[in-house]
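The values are calculated or read from the model by the stated rules, or taken from the named source; none is laboratory data. Given the structure is predicted, the values throughout are model-derived calculations rather than measurements. Every residue, glycine as well, gets a Cβ built from its backbone with ideal geometry; the counts of neighbours run over all protein chains shown. Accessible surface is based on the protein model in full, side chains and every heavy atom, while ligands, DNA and RNA are left aside. Shrake-Rupley method; radii C 1.70, N 1.55, O 1.52, S 1.80 Å.
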Amino acid sequence: MPKEKERPSPDKLLAHAKEEERKANRGKLKIYLGAAPGVGKTYTMLENALAKRAQGLDVIVGVVESHGRNEIENFLKKMEVLPRQKVTYKEQPLLEFDLDGALKRNPALILIDEMAHTNVPGLRHNKRWQDIKEILDRGIDVYTTLNVQHIESLNDVVTQIIHTRVKETIPDSIFEQADTVELVDLPPEDLLKRLEEGKVYIPTTAKLAIENFFRTGNLSALRELALRTTAERVGEQMLSYRQGKSIKFIWPTKEKLLVCVGPESNSNKLIRATRRMAASLQAEWLAVHIDTGHSPEQRNRAIQNLRLAEQLGAETRILSGMDITKEIINCARDNNITKIIVGKHIRPFWKSLFSLTEKLISNSGEIDVYMITYEKTSKQPVTASIQQSTSWRTYLFALGIVGITTLMCVPLLPYLHSNNILMIYFAAITIVALFGRIGPSILASVVSVVAYGYYFIPPYHMILLNNTEHIFLLFVMLLVTQTISHLTILARRQAEAAHLAEKRTSTLHLLSRQLASTRGVDKLLDTAVSYIAEVFNSEVIALLSENNQLTVQAGYGTKLILNEKEQSVAKWVYDLGQIAGLGTDTLPFSEAIYVPLLSSQKCIGVLRVKPTQPKQLFTPEQMHLLEASANQIALAIEVDKLHEQTKQTELQSETDRVRGALLEAVSHDLRTPLIAVMGAASTLMEMANELDARTIKKLAAEIYFELEQLNRLLNNLLQISYLEADSIVLQKEEFPLNEIINTVLNTSSIKAEKKHVLIHFPENLPNVPLDKTLIQEVFINLIDNAIKFTPSESPIEISAEMVGNDKVMISVEDHGPGIAADEVDQLFEKFYRGRLLTTERGLGLGLAICRSIIKAHGGEMWAENRKDGHGAAFRFFLPLHPRGD
């Protein structure tokens, strides 16, 4: 009989410790669950809270709705109530739970009624359960109320009962985090009586409620649903407690069945019988297969039997191990199984003494074992032998090892005692046993005993197997070799299982990481198909939908071609979003399995997975992993497409913004000079005879200035297009910078007006190889820009200095307001005009043109504030080249 408590496994101990740590760092949640309004959830919550307050606990009421009920209002008068937060919604003042006020008050326990309530738009959280979650994360305990129809997973069931969909729900995850669920129950008759007495709703509303929701059938069904939900929650907590405390005794709080499934066709009888028993007991059931090294054919048959169990509603598992009885009993205890169903062959009594059934009965303890008798129709037992096909080379090796050992020991006979020689033979057969093959081990044992007796036991050169000592020796050798063989097989199986588990875990982790860091559908599919092929040892093809037609997009290990029949299977899977093909009940004639790529919205494609070993079936665990991988791949593709759509939307938005800015600037800056020109020209035409020469000259100057501005605007537009086309060809010659600056200042003299320009150039400044026309454009734009921001009494400074021996740095500095920190990188963008520039005309292209020209010369340009903090400085490098370059 197993002990009640044993040392838990490290994984379970770690998981339990993490869960305890999580619970220790957060508040405790207690949910008062009911079948319908009016059963007394709020009353019970307040009653329990008052008892806690009487014990000295700091308790406040966060939000409780009395709905006019006197008993609730009397409770609230005895407790501290948190003031509500006033919120205006659609011009109506409303009162809501004050989350920030509750966190600031920081009580030990807070009462929050109606967990599924939807908050008024504009608050921090949309739902009240989110408020509760934040409070719990801050370490505050919460009491709350909930009706069973508000649990998300029960929404469809409730809809069928009351014929109305409940819109306010809470996710199951928050319900499962509850430390305590207390059922507040009331029979339908008593609830209807309370309703008629006006203790739930006002009379008008109560009458309407009785005609619709509050009907006896509805209330009975919801009551059963609440009872079952509470029982399931308590059952989960009980199972978690058993596992955390490593309690091995079964606590039969509810029936749970386990059926042992093998590769035999008779296993179907066990599965169907278990299904009928589970239905009659209204119990969950588990179908388990113990893999002890079956052949591929046997494994496939066992998988098909498990598929049948899964279709009939069972949870299926495949376990590995050599001790079948131990694995079944451990699985039963871990899952709180109350009944084990196993098949019993009709066989002689003496054979039944050592059968799996008898072993289970002997070790089951408090678990009931049910036997379903059937005749054996297959030569293989339910749990197949661990023997595998053995190559004839292994038998030759066994004989060779014994022969070599004999040849080595014969010359040593005069020097060694026969017992020492016997140890050498033991070493030889041990080497053979390490191959893990039973047949060669038996052959080596028999031949070794014969050779040992023939050569080393007097009378020599005679075979005497009738000797008791020889028979005992043979028995010991056989026992040792078979033990070693079995242990070798077990070690290899465990190593292989550990290797496969490690490989799948690492590959799955690699898939998640690679999908997260990969962009582009083609690259995602290449990553996905190589992953699937590696994990499942298969040939993989990925098909995606284009214009409602499936096309091959990627593949691994096979040609990217599908015949008409395979295309039809893939199309069926895509249309219905269901798995089909090899090993399934749908289109099983296919050589591959077809898995839909299901995104959050629709099916976007299909994976075709063909095992490299013909007709090899996947286990249920592999099928679940394959489907999970396919869903992850589909989600990654969907996210990538959404990302691309977002980028396109952002690009389109930016294009529209630039286009709008360009049209706005061009329309404004072209219209302004044209209006000025038209006004001056109109004056000249209408009043030419009345104007003196000085006025006519002034109007002509205005026309010229405005046309010059218009020409500059158009020139900037053409120039930025020319520079961005990367077709710029520089006409470089060596020029003195002084000459270029003087030319530019003469051009800008009208705009400069009274501005004072200071030039600081060293006397030994060399000529610079440059395109004179383009560099003049750079200085014109920089000086014009400085004029816009420099006060009339402040100078503009232009300086140049050598930096090393290979380049010149030129600076244009003003004494304006300077550059805002967030504008430094934006100044050189097209169509960007500084925030301080509100009245001056311009397209915001000047600085972008300057940087493009300097970059074409092999230089660099940037902007910064002056060191004294008064004004901005625009600096750029121009490289120097040797003469003749």
Search result, residues across the stretch 733-748 that are of a type outside the set (D, E, K, R) and either open to solvent by 60 Å² or more (accessible area, probe 1.4 Å) or at pLDDT 85 or above (or both): F735, P736, L737, N738, I740, I741, N742, N746, T747
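Does K610 count as charged (D, E, K, R) and open to solvent by 70 Å² or more (accessible area, probe 1.4 Å)? First the steps, then the outcome.
Working: charged (D, E, K, R): yes; open to solvent by 70 Å² or more (accessible area, probe 1.4 Å): no.
It is false that K610 is charged (D, E, K, R) and open to solvent by 70 Å² or more (accessible area, probe 1.4 Å).
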Segments classed as helices (runs of 4 or more DSSP H), wholly inside the stretch 2-115, with at least 3 members that are touching a helix residue (DSSP H, G or I) at 6+ places or on another chain (Cβ under 8 Å) and either modelled with pLDDT of 85 or more or not acidic (D, E) (or both): 41-54, 70-77, 99-105
Residue in the stretch 168-180 that is modelled with pLDDT of 90 or more and more than 24 Å from the chain's Cα centre (by Cα) present: no
Meets criteria (open to solvent by 30 Å² or more (accessible area, probe 1.4 Å) and touching a residue at least 12 places away in the same chain (Cβ under 8 Å)) for Q149: no
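Each row is one residue, and each column tells you yes or no for (1) in contact with a Ser or Thr (Cβ under 8 Å, 6 or more places away or on another chain); (2) assigned to a strand (DSSP E or B); (3) free of Cβ contacts under 8 Å to residues at least 12 places away in the same chain; (4) not small (G, A, S).
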site: L515; (1), (2), (3), (4): yes, no, no, yes
site: L525; (1), (2), (3), (4): no, no, no, yes
site: V535; (1), (2), (3), (4): yes, no, no, yes
site: K559; (1), (2), (3), (4): no, no, yes, yes
site: Q567; (1), (2), (3), (4): no, no, no, yes
site: G583; (1), (2), (3), (4): no, no, no, no
Meets criteria (at pLDDT 65 or above, touching a Leu at 6+ places or on another chain (Cβ under 9 Å) and not hydroxyl-bearing (S, T, Y)) for E327: yes
Meets criteria (surrounded by 10 or more Cβ atoms within 10 Å (Cβ to Cβ) and free of Cβ contacts under 8 Å to residues at least 60 places away in the same chain) for E91: no
Set V573, V540, V552, V595: member being in a strand (DSSP E or B), under 25 Å from A309 (Cα atoms), hydrophobic (A, V, I, L, M, F, W, C) and open to solvent by less than 70 Å² (accessible area, probe 1.4 Å): V595
Residues satisfying the stated conditions in the stretch 525-550, i.e. closer than 20 Å to L587 by Cα and among the β-branched types (V, I, T): V540, I541
Search result, residues across the stretch 59-71 that are in contact with a Leu (Cβ under 7 Å, 6 or more places away or on another chain) and of a type outside the set (S, T, N, Q): V59, I60, V61, G62, V64
Failed item in (1) at positive phi; (2) open to solvent by less than 20 Å² (accessible area, probe 1.4 Å), with A49 passing the rest: (1)
Residue ranges of strands (runs of 3 or more DSSP E) in the stretch 755-805 with at least 2 members surrounded by fewer than 18 Cβ atoms within 10 Å (Cβ to Cβ): 757-760, 796-803
Residue match in the stretch 810-820 (condition: open to solvent by 40 Å² or more (accessible area, probe 1.4 Å) and either modelled with pLDDT of 75 or more or outside any loop (DSSP other than H, G, I, E, B) (or both)): yes
Some residue of the stretch 426-440 being exposed (fewer than 12 other Cβ atoms within 10 Å of the Cβ) and either within 30 Å of R299 (Cα to Cα) or modelled with pLDDT of 70 or more (or both): yes
